[in-house]
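Below is one structure, written out as structure tokens; the observations come after it.
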Amino acid sequence: MKKNITLFAALFALSFPFAVSAADHSGHDTGHKSMAAHEEVVDGIKATFNVQTMADAMKEMGMEMPKGVKETHHIAINFKDVKSGKVVTEGAATIKVQNPDKSSQTKELVGMHGHFGADFDFSKAGKYGIMCKFQLKDGKTRQAKFWYQVK
């Protein structure tokens, strides 16, 4: 129970920096603040993927990393309706990450403060394939994918 509360607190604390994201489209881990690693318009929805190390996020907030957390990065996705310009916060999203060694991680994303997010282990250098499937309030299923480089 205590571990769940600690992880929830860390996840909640990490959600704030992603509400406003930088517009750097470099798509690789440089150890800087939150970056837009990928943007794509899929069937009328603009999906902006932000990636940040958990250590950097915690440091920005003046907090220490909770013990026992093995995930190294937080992926946050902001969805925006292209026509209306409104942020879409209702729906479900899943990310599957193909690790450099061809193993994978799959997680359901949690809706938080205007984005969807989850934590992943990017501890090995190399290319990570990030594949996202999402179904928002309009009921349409959409997909986006990109590569993310960790040096």
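Restricting attention to the stretch 99-115, does a residue exist that is within 18 Å of residue 37 (Cα to Cα) and out of contact with any strand residue (DSSP E or B) (no Cβ under 8 Å at 6 or more places or on another chain)? No, the stretch 99-115 contains no residue that is within 18 Å of residue 37 (Cα to Cα) and out of contact with any strand residue (DSSP E or B) (no Cβ under 8 Å at 6 or more places or on another chain).
Of everything in the stretch 122-141 that is assigned to a loop (DSSP other than H, G, I, E, B), over 16 Å from the mean Cα position of the chain (by Cα) and on the phi < 0 side of the Ramachandran plot, the residue that is surrounded by the fewest Cβ atoms within 10 Å (Cβ to Cβ) is 125. Among the strands (runs of 3 or more DSSP E) confined to the stretch 35-121, the ones with at least 1 residues that are among the aliphatic types (A, V, I, L, M) are located at 35-42, 45-53, 73-81, 91-98, 110-112, 115-120.
Checked against the criteria, residue 68 does not count as at positive phi, surrounded by 13 or more Cβ atoms within 10 Å (Cβ to Cβ) and modelled with pLDDT under 95.
The values are calculated or read from the model by the stated rules, or taken from the named source; none is laboratory data. The shown structure was predicted, so the numbers you read here are calculated from the model rather than taken from an experiment. Neighbour counts run over all protein chains shown; Cβ positions are idealised from the backbone, glycine included.
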